Ligand SMILES: NC(=O)c1ccc[n+]([C@@H]2O[C@H](COP(=O)([O-])OP(=O)(O)OC[C@H]3O[C@@H](n4cnc5c(N)ncnc54)[C@H](O)[C@@H]3O)[C@@H](O)[C@H]2O)c1
(Lines give C-alpha, C1' and ligand atoms only; values in the text may rest on other atoms or scores of the structure.)
Protein backbone atom coordinates (compact mmCIF):
# COMPACT_ATOMS: atom_id res chain seq x y z
CA UNK A 1 0.00 0.00 0.00
CA UNK A 2 1.21 3.49 -0.78
CA UNK A 3 1.64 5.63 2.30
CA UNK A 4 0.68 9.30 2.10
CA UNK A 5 3.60 11.59 1.52
CA UNK A 6 6.01 8.73 0.87
CA UNK A 7 7.67 10.61 -1.96
CA UNK A 8 9.53 13.76 -1.05
CA UNK A 9 7.32 14.45 1.96
CA UNK A 10 8.91 17.81 2.59
CA UNK A 11 7.91 19.10 -0.82
CA UNK A 12 4.34 17.82 -0.65
CA UNK A 13 1.17 19.55 0.46
CA UNK A 14 -1.08 18.19 3.23
CA UNK A 15 -1.28 14.41 2.97
CA UNK A 16 -4.80 13.04 2.52
CA UNK A 17 -6.10 9.51 2.92
CA UNK A 18 -9.13 8.32 0.99
CA UNK A 19 -11.28 5.63 2.59
CA UNK A 20 -10.32 2.24 1.20
CA UNK A 21 -7.35 3.69 -0.62
CA UNK A 22 -4.38 5.92 -0.07
CA UNK A 23 -3.21 8.89 -2.01
CA UNK A 24 0.08 10.57 -2.67
CA UNK A 25 -0.48 14.28 -2.50
CA UNK A 26 0.24 16.60 -5.34
CA UNK A 27 3.40 18.61 -5.65
CA UNK A 28 2.16 21.90 -7.07
CA UNK A 29 3.92 23.16 -10.18
CA UNK A 30 3.67 26.74 -11.41
CA UNK A 31 1.29 26.87 -14.42
CA UNK A 32 2.80 27.78 -17.79
CA UNK A 33 0.12 29.73 -19.73
CA UNK A 34 1.82 28.95 -23.05
CA UNK A 35 0.92 25.27 -22.86
CA UNK A 36 -2.43 24.19 -24.32
CA UNK A 37 -3.68 22.33 -21.23
CA UNK A 38 -2.31 24.81 -18.72
CA UNK A 39 -4.68 25.14 -15.75
CA UNK A 40 -6.67 22.05 -16.81
CA UNK A 41 -6.93 18.91 -14.70
CA UNK A 42 -6.96 15.41 -16.16
CA UNK A 43 -8.13 12.36 -14.18
CA UNK A 44 -6.87 9.07 -15.62
CA UNK A 45 -8.01 5.66 -14.37
CA UNK A 46 -5.45 2.91 -14.76
CA UNK A 47 -2.78 5.60 -14.89
CA UNK A 48 0.03 3.76 -13.13
CA UNK A 49 1.45 2.26 -16.34
CA UNK A 50 0.84 1.45 -19.99
CA UNK A 51 -1.56 3.50 -22.09
CA UNK A 52 -2.96 5.44 -19.12
CA UNK A 53 0.49 6.58 -18.04
CA UNK A 54 1.47 7.57 -21.61
CA UNK A 55 -1.69 9.69 -21.85
CA UNK A 56 -0.96 11.23 -18.44
CA UNK A 57 2.56 12.11 -19.53
CA UNK A 58 1.36 13.64 -22.81
CA UNK A 59 -1.20 15.76 -20.95
CA UNK A 60 1.40 16.72 -18.33
CA UNK A 61 3.73 17.90 -21.10
CA UNK A 62 0.85 20.04 -22.34
CA UNK A 63 0.60 21.65 -18.90
CA UNK A 64 -2.29 19.76 -17.25
CA UNK A 65 -2.49 18.83 -13.58
CA UNK A 66 -2.67 15.03 -13.44
CA UNK A 67 -4.60 12.64 -11.21
CA UNK A 68 -3.55 9.00 -11.51
CA UNK A 69 -6.15 6.58 -10.11
CA UNK A 70 -5.04 2.95 -10.10
CA UNK A 71 -5.81 -0.26 -8.24
CA UNK A 72 -2.03 -0.86 -7.93
CA UNK A 73 -2.74 -4.32 -6.52
CA UNK A 74 -0.26 -6.58 -8.38
CA UNK A 75 -1.74 -10.11 -8.56
CA UNK A 76 -5.53 -9.70 -8.51
CA UNK A 77 -8.25 -12.41 -8.23
CA UNK A 78 -9.88 -13.17 -11.59
CA UNK A 79 -7.03 -11.63 -13.62
CA UNK A 80 -4.43 -13.94 -15.20
CA UNK A 81 -1.49 -11.51 -15.06
CA UNK A 82 -0.19 -8.95 -12.56
CA UNK A 83 -1.74 -5.48 -12.53
CA UNK A 84 0.32 -2.42 -11.62
CA UNK A 85 1.87 -2.28 -8.14
CA UNK A 86 2.08 0.54 -5.61
CA UNK A 87 5.73 0.94 -6.72
CA UNK A 88 4.50 1.44 -10.30
CA UNK A 89 2.06 4.09 -9.11
CA UNK A 90 4.77 5.90 -7.16
CA UNK A 91 7.14 5.77 -10.15
CA UNK A 92 4.37 7.04 -12.43
CA UNK A 93 3.77 10.01 -10.15
CA UNK A 94 7.49 10.82 -10.11
CA UNK A 95 7.61 10.65 -13.92
CA UNK A 96 4.79 13.20 -14.15
CA UNK A 97 6.45 15.50 -11.62
CA UNK A 98 9.69 15.23 -13.60
CA UNK A 99 7.75 16.89 -16.42
CA UNK A 100 7.09 19.80 -14.05
CA UNK A 101 3.39 19.02 -13.75
CA UNK A 102 1.40 18.64 -10.54
CA UNK A 103 0.34 15.07 -9.85
CA UNK A 104 -1.97 13.41 -7.36
CA UNK A 105 -1.62 9.60 -7.22
CA UNK A 106 -4.55 7.72 -5.73
CA UNK A 107 -4.63 4.01 -5.06
CA UNK A 108 -8.18 2.81 -5.60
CA UNK A 109 -10.43 0.40 -7.48
CA UNK A 110 -12.91 1.57 -10.14
CA UNK A 111 -15.25 -1.17 -8.91
CA UNK A 112 -15.69 0.71 -5.63
CA UNK A 113 -18.09 3.60 -6.06
CA UNK A 114 -17.05 5.32 -2.86
CA UNK A 115 -13.34 5.21 -3.73
CA UNK A 116 -13.83 6.76 -7.16
CA UNK A 117 -16.25 9.40 -5.86
CA UNK A 118 -13.88 10.43 -3.08
CA UNK A 119 -10.99 10.56 -5.56
CA UNK A 120 -13.01 12.97 -7.75
CA UNK A 121 -13.77 15.13 -4.72
CA UNK A 122 -10.11 15.16 -3.76
CA UNK A 123 -9.24 16.16 -7.31
CA UNK A 124 -11.49 19.20 -7.15
CA UNK A 125 -10.30 20.07 -3.63
CA UNK A 126 -6.69 19.94 -4.85
CA UNK A 127 -6.88 21.48 -8.31
CA UNK A 128 -10.23 23.29 -8.42
CA UNK A 129 -11.59 21.66 -11.60
CA UNK A 130 -12.02 18.36 -13.40
CA UNK A 131 -11.63 19.08 -17.10
CA UNK A 132 -10.59 15.78 -18.67
CA UNK A 133 -11.61 12.26 -17.70
CA UNK A 134 -9.82 9.29 -19.26
CA UNK A 135 -11.78 6.10 -18.59
CA UNK A 136 -8.89 3.77 -19.24
CA UNK A 137 -8.61 1.17 -16.44
CA UNK A 138 -9.20 -2.27 -17.88
CA UNK A 139 -8.18 -5.90 -17.76
CA UNK A 140 -8.19 -8.61 -20.39
CA UNK A 141 -9.20 -12.26 -20.35
CA UNK A 142 -8.12 -14.78 -22.96
CA UNK A 143 -9.44 -18.23 -23.87
CA UNK A 144 -12.24 -20.16 -25.53
CA UNK A 145 -15.80 -19.15 -24.56
CA UNK A 146 -16.34 -22.35 -22.57
CA UNK A 147 -13.17 -21.82 -20.51
CA UNK A 148 -14.27 -18.78 -18.50
CA UNK A 149 -15.13 -19.19 -14.83
CA UNK A 150 -17.84 -17.16 -13.11
CA UNK A 151 -15.18 -15.21 -11.25
CA UNK A 152 -13.30 -14.33 -14.46
CA UNK A 153 -16.45 -13.16 -16.25
CA UNK A 154 -17.54 -11.14 -13.24
CA UNK A 155 -14.12 -9.54 -12.83
CA UNK A 156 -13.72 -8.35 -16.41
CA UNK A 157 -17.29 -7.00 -16.54
CA UNK A 158 -17.01 -5.32 -13.13
CA UNK A 159 -13.79 -3.54 -14.10
CA UNK A 160 -14.20 -2.82 -17.82
CA UNK A 161 -17.93 -2.02 -17.88
CA UNK A 162 -19.28 -1.34 -14.39
CA UNK A 163 -16.07 0.45 -13.41
CA UNK A 164 -16.31 2.69 -16.46
CA UNK A 165 -19.95 3.50 -15.67
CA UNK A 166 -19.20 4.29 -12.02
CA UNK A 167 -16.23 6.45 -13.02
CA UNK A 168 -18.44 8.40 -15.40
CA UNK A 169 -21.19 8.76 -12.79
CA UNK A 170 -18.67 10.18 -10.33
CA UNK A 171 -17.19 12.69 -12.80
CA UNK A 172 -20.33 13.86 -14.58
CA UNK A 173 -21.88 16.02 -11.80
CA UNK A 174 -18.60 17.95 -11.46
CA UNK A 175 -18.35 18.58 -15.20
CA UNK A 176 -22.07 19.39 -15.45
CA UNK A 177 -21.66 22.04 -12.77
CA UNK A 178 -18.68 23.49 -14.69
CA UNK A 179 -20.64 23.29 -17.95
CA UNK A 180 -17.57 21.83 -19.63
CA UNK A 181 -15.61 18.60 -19.83
CA UNK A 182 -13.95 16.07 -22.07
CA UNK A 183 -14.45 12.36 -21.48
CA UNK A 184 -12.38 9.76 -23.32
CA UNK A 185 -13.17 6.05 -23.15
CA UNK A 186 -10.52 3.42 -23.90
CA UNK A 187 -12.19 0.68 -25.91
CA UNK A 188 -10.25 -1.56 -28.30
CA UNK A 189 -10.12 -2.76 -31.88
CA UNK A 190 -11.87 -5.75 -30.29
CA UNK A 191 -14.75 -3.42 -29.42
CA UNK A 192 -15.40 -3.20 -33.18
CA UNK A 193 -15.13 -6.87 -34.17
CA UNK A 194 -15.39 -10.36 -32.73
CA UNK A 195 -12.39 -12.39 -31.65
CA UNK A 196 -12.42 -16.06 -30.73
CA UNK A 197 -9.40 -15.72 -28.41
CA UNK A 198 -10.76 -12.74 -26.46
CA UNK A 199 -14.55 -13.31 -26.58
CA UNK A 200 -15.47 -11.97 -23.14
CA UNK A 201 -13.02 -9.05 -23.24
CA UNK A 202 -14.29 -8.10 -26.72
CA UNK A 203 -17.86 -8.04 -25.41
CA UNK A 204 -16.87 -5.61 -22.63
CA UNK A 205 -15.22 -3.29 -25.16
CA UNK A 206 -18.36 -3.30 -27.35
CA UNK A 207 -20.37 -2.47 -24.22
CA UNK A 208 -18.09 0.45 -23.47
CA UNK A 209 -18.75 1.99 -26.89
CA UNK A 210 -22.51 1.73 -26.35
CA UNK A 211 -22.14 3.41 -23.00
CA UNK A 212 -19.84 6.18 -24.27
CA UNK A 213 -22.24 7.04 -27.11
CA UNK A 214 -25.09 7.17 -24.59
CA UNK A 215 -22.99 9.45 -22.38
CA UNK A 216 -22.40 11.73 -25.39
CA UNK A 217 -26.17 12.02 -25.84
CA UNK A 218 -26.78 12.56 -22.14
CA UNK A 219 -24.12 15.18 -21.48
CA UNK A 220 -23.94 17.15 -24.74
CA UNK A 221 -26.28 19.82 -23.36
CA UNK A 222 -23.74 20.41 -20.58
CA UNK A 223 -20.90 20.99 -23.05
CA UNK A 224 -19.28 17.67 -22.18
CA UNK A 225 -17.89 15.66 -25.08
CA UNK A 226 -17.57 11.86 -24.90
CA UNK A 227 -15.40 10.04 -27.43
CA UNK A 228 -13.89 6.60 -27.73
CA UNK A 229 -10.42 5.46 -28.72
CA UNK A 230 -10.15 1.95 -30.12
CA UNK A 231 -6.52 0.82 -30.40
CA UNK A 232 -5.13 -2.33 -31.95
CA UNK A 233 -2.42 -4.31 -30.16
CA UNK A 234 -0.33 -2.09 -27.87
CA UNK A 235 2.94 -3.05 -26.20
CA UNK A 236 1.88 -2.97 -22.53
CA UNK A 237 1.82 -5.50 -19.72
CA UNK A 238 -1.83 -6.26 -20.52
CA UNK A 239 -0.64 -8.00 -23.69
CA UNK A 240 3.05 -8.65 -23.01
CA UNK A 241 2.67 -11.32 -20.34
CA UNK A 242 2.90 -15.15 -20.37
CA UNK A 243 -0.87 -15.64 -19.84
CA UNK A 244 -1.84 -13.69 -22.97
CA UNK A 245 1.15 -14.54 -25.17
CA UNK A 246 0.84 -18.26 -24.37
CA UNK A 247 -2.78 -18.24 -25.56
CA UNK A 248 -1.94 -16.22 -28.69
CA UNK A 249 0.96 -18.52 -29.69
CA UNK A 250 0.01 -21.93 -28.23
CA UNK A 251 2.48 -23.86 -30.42
CA UNK A 252 5.43 -21.62 -29.60
CA UNK A 253 7.54 -22.91 -26.68
CA UNK A 254 8.81 -19.39 -25.93
CA UNK A 255 6.13 -16.95 -27.10
CA UNK A 256 7.19 -13.33 -27.17
CA UNK A 257 5.41 -10.03 -27.84
CA UNK A 258 7.79 -9.32 -30.73
CA UNK A 259 6.89 -12.60 -32.45
CA UNK A 260 3.17 -11.88 -32.05
CA UNK A 261 3.75 -8.42 -33.48
CA UNK A 262 5.77 -9.82 -36.37
CA UNK A 263 3.03 -12.30 -37.22
CA UNK A 264 0.46 -9.48 -37.36
CA UNK A 265 2.60 -7.01 -39.31
CA UNK A 266 2.17 -8.57 -42.75
CA UNK A 267 -1.62 -8.15 -42.50
CA UNK A 268 -1.38 -4.40 -41.87
CA UNK A 269 -0.86 -1.94 -44.74
CA UNK A 270 1.82 -0.07 -42.77
CA UNK A 271 3.71 -3.32 -42.18
CA UNK A 272 3.69 -2.67 -38.43
CA UNK A 273 2.31 -5.25 -36.00
CA UNK A 274 1.73 -3.22 -32.85
CA UNK A 275 1.41 0.24 -31.33
CA UNK A 276 3.39 1.83 -28.52
CA UNK A 277 1.43 3.49 -25.67
CA UNK A 278 2.61 6.89 -26.96
CA UNK A 279 0.79 6.25 -30.26
CA UNK A 280 -2.48 5.97 -28.35
CA UNK A 281 -1.63 9.03 -26.26
CA UNK A 282 -1.25 11.04 -29.49
CA UNK A 283 -4.82 10.10 -30.41
CA UNK A 284 -6.05 11.09 -26.94
CA UNK A 285 -4.41 14.50 -27.33
CA UNK A 286 -6.46 15.17 -30.48
CA UNK A 287 -9.71 14.93 -28.52
CA UNK A 288 -8.69 17.36 -25.79
CA UNK A 289 -7.71 20.03 -28.31
CA UNK A 290 -9.90 23.15 -28.26
CA UNK A 291 -10.61 22.64 -31.96
CA UNK A 292 -12.44 19.38 -31.17
CA UNK A 293 -15.11 20.95 -28.96
CA UNK A 294 -17.87 20.03 -31.42
CA UNK A 295 -16.88 16.38 -31.84
CA UNK A 296 -18.69 13.92 -29.59
CA UNK A 297 -20.01 10.35 -29.70
CA UNK A 298 -17.23 9.30 -32.07
CA UNK A 299 -15.08 6.18 -32.09
CA UNK A 300 -11.52 6.80 -33.26
CA UNK A 301 -9.62 3.72 -34.39
CA UNK A 302 -5.86 3.63 -33.94
CA UNK A 303 -5.60 0.51 -35.99
CA UNK A 304 -2.31 0.43 -37.95
CA UNK A 305 -4.39 0.58 -41.11
CA UNK A 306 -6.18 -2.70 -40.50
CA UNK A 307 -9.54 -0.93 -40.85
CA UNK A 308 -8.80 -0.22 -44.49
CA UNK A 309 -10.18 -3.72 -45.14
CA UNK A 310 -13.46 -3.08 -43.30
CA UNK A 311 -16.76 -2.18 -44.85
CA UNK A 312 -17.26 1.58 -44.57
N1 LIG B 1 -2.57 -3.26 -24.63
C2 LIG B 1 -3.40 -3.44 -25.63
O3 LIG B 1 -3.11 -4.16 -26.60
C4 LIG B 1 -4.73 -2.73 -25.64
C5 LIG B 1 -5.41 -2.61 -26.87
C6 LIG B 1 -6.63 -1.96 -26.91
C7 LIG B 1 -7.17 -1.44 -25.74
N8 LIG B 1 -6.50 -1.57 -24.55
C9 LIG B 1 -7.15 -0.98 -23.36
O10 LIG B 1 -6.34 0.06 -22.86
C11 LIG B 1 -6.58 0.22 -21.46
C12 LIG B 1 -5.23 0.29 -20.73
O13 LIG B 1 -4.61 -0.97 -20.88
P14 LIG B 1 -3.03 -1.17 -20.98
O15 LIG B 1 -2.77 -1.90 -22.23
O16 LIG B 1 -2.32 0.08 -20.72
O17 LIG B 1 -2.84 -2.23 -19.80
P18 LIG B 1 -2.06 -2.17 -18.42
O19 LIG B 1 -2.40 -3.44 -17.72
O20 LIG B 1 -0.64 -1.86 -18.63
O21 LIG B 1 -2.75 -0.92 -17.69
C22 LIG B 1 -4.01 -1.00 -17.13
C23 LIG B 1 -3.98 -0.27 -15.81
O24 LIG B 1 -5.29 -0.33 -15.21
C25 LIG B 1 -5.14 -0.63 -13.83
N26 LIG B 1 -6.37 -1.25 -13.34
C27 LIG B 1 -6.85 -2.48 -13.64
N28 LIG B 1 -7.97 -2.72 -12.96
C29 LIG B 1 -8.24 -1.62 -12.23
C30 LIG B 1 -9.26 -1.27 -11.32
N31 LIG B 1 -10.23 -2.14 -11.01
N32 LIG B 1 -9.26 -0.04 -10.77
C33 LIG B 1 -8.26 0.84 -11.06
N34 LIG B 1 -7.23 0.56 -11.88
C35 LIG B 1 -7.23 -0.66 -12.47
C36 LIG B 1 -3.93 -1.55 -13.77
O37 LIG B 1 -3.35 -1.63 -12.48
C38 LIG B 1 -3.01 -0.94 -14.81
O39 LIG B 1 -2.15 0.04 -14.26
C40 LIG B 1 -7.44 -0.96 -21.03
O41 LIG B 1 -8.79 -0.53 -20.92
C42 LIG B 1 -7.29 -1.93 -22.18
O43 LIG B 1 -8.40 -2.78 -22.31
C44 LIG B 1 -5.29 -2.18 -24.48
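The values are calculated or read from the model by the stated rules, or taken from the named source; none is laboratory data. Just so it is clear, the structure is predicted and the values come from calculations on it, not from any experiment. Note: ideal-geometry Cβ built from the backbone for every residue, glycine included; neighbour counts use all protein chains shown.
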Quiz item: Taking the stretch 46-70 only, how many residues are within 13 Å of the ligand (Cβ to nearest atom), in contact with a strand residue (DSSP E or B) (Cβ under 7 Å, 6 or more places away or on another chain) and in a loop (DSSP other than H, G, I, E, B)?
Solution: 3
Practice problem: Just give me the residues in the stretch 144-157 being within 16 Å of the ligand (Cβ to nearest atom) and touching a helix residue (DSSP H, G or I) at 6+ places or on another chain (Cβ under 8 Å), in sequence order. | Solution: 152, 153, 156, 157
Practice problem: Go through (1) under 24 Å from residue 206 (Cβ atoms); (2) touching a strand residue (DSSP E or B) at 6+ places or on another chain (Cβ under 9 Å) one by one and return the number of the condition residue 152 breaks. | Solution: (2)
Exercise. From 202, 189, 170, 207, grab the single residue that is without any contact (Cβ under 8 Å) to a residue 40 or more places away in the chain and buried (at least 18 other Cβ atoms within 10 Å of the Cβ).
Key: 202
Quiz item: Would you call residue 130 outside any helix (DSSP H, G or I), within 15 Å of the ligand (Cβ to nearest atom), in contact with a strand residue (DSSP E or B) (Cβ under 6 Å, 6 or more places away or on another chain) and over 15 Å from residue 201 (Cβ atoms)?
Solution: no
Quiz prompt | Test set (1) part of a helix (DSSP H, G or I); (2) surrounded by 21 or more Cβ atoms within 10 Å (Cβ to Cβ); (3) within 14 Å of the ligand (Cβ to nearest atom) - residue 215 fails condition number | solution = (3)
Quiz item: Mind checking which residues of the stretch 88-100 are assigned to a helix (DSSP H, G or I) and more than 12 Å from the ligand (Cβ to nearest atom)?
Solution: 90, 93, 94, 95, 96, 97
Practice problem: Inspect all residues belonging to the stretch 82-100 and state whether any of them is more than 16 Å from residue 171 (Cβ to Cβ), in contact with a helix residue (DSSP H, G or I) (Cβ under 7 Å, 6 or more places away or on another chain) and surrounded by 24 or more Cβ atoms within 10 Å (Cβ to Cβ). | Solution: yes
Quiz prompt | Every residue from the stretch 158-192 that is within 12 Å of the ligand (Cβ to nearest atom) and not in a helix (DSSP H, G or I) | solution = 184, 185, 186, 187, 188, 192
Quiz item: Has the stretch 101-114 got any residue that is modelled with pLDDT of 95 or more, part of a helix (DSSP H, G or I) and more than 16 Å from the ligand (Cβ to nearest atom)?
Solution: no
Quiz item: Out of (1) touching a residue at least 60 places away in the same chain (Cβ under 8 Å); (2) over 17 Å from the mean Cα position of the chain (by Cα); (3) within 13 Å of the ligand (Cβ to nearest atom), the odd one out for residue 138 is which?
Solution: (2)
Exercise. Output the number of the condition that residue 310 fails; it satisfies all remaining conditions of (1) crowded, with 17+ Cβ neighbours inside 10 Å; (2) within 18 Å of residue 195 (Cβ to Cβ).
Key: (1)
Quiz item: Which members of the stretch 265-281 meet the condition of being in contact (Cβ under 8 Å) with a residue 40 or more places away in the chain and surrounded by 15 or more Cβ atoms within 10 Å (Cβ to Cβ)?
Solution: 273, 274, 275, 277, 279, 280, 281
Quiz prompt | Failed item in (1) assigned to a helix (DSSP H, G or I); (2) in contact with a strand residue (DSSP E or B) (Cβ under 8 Å, 6 or more places away or on another chain), with residue 146 passing the rest | solution = (2)
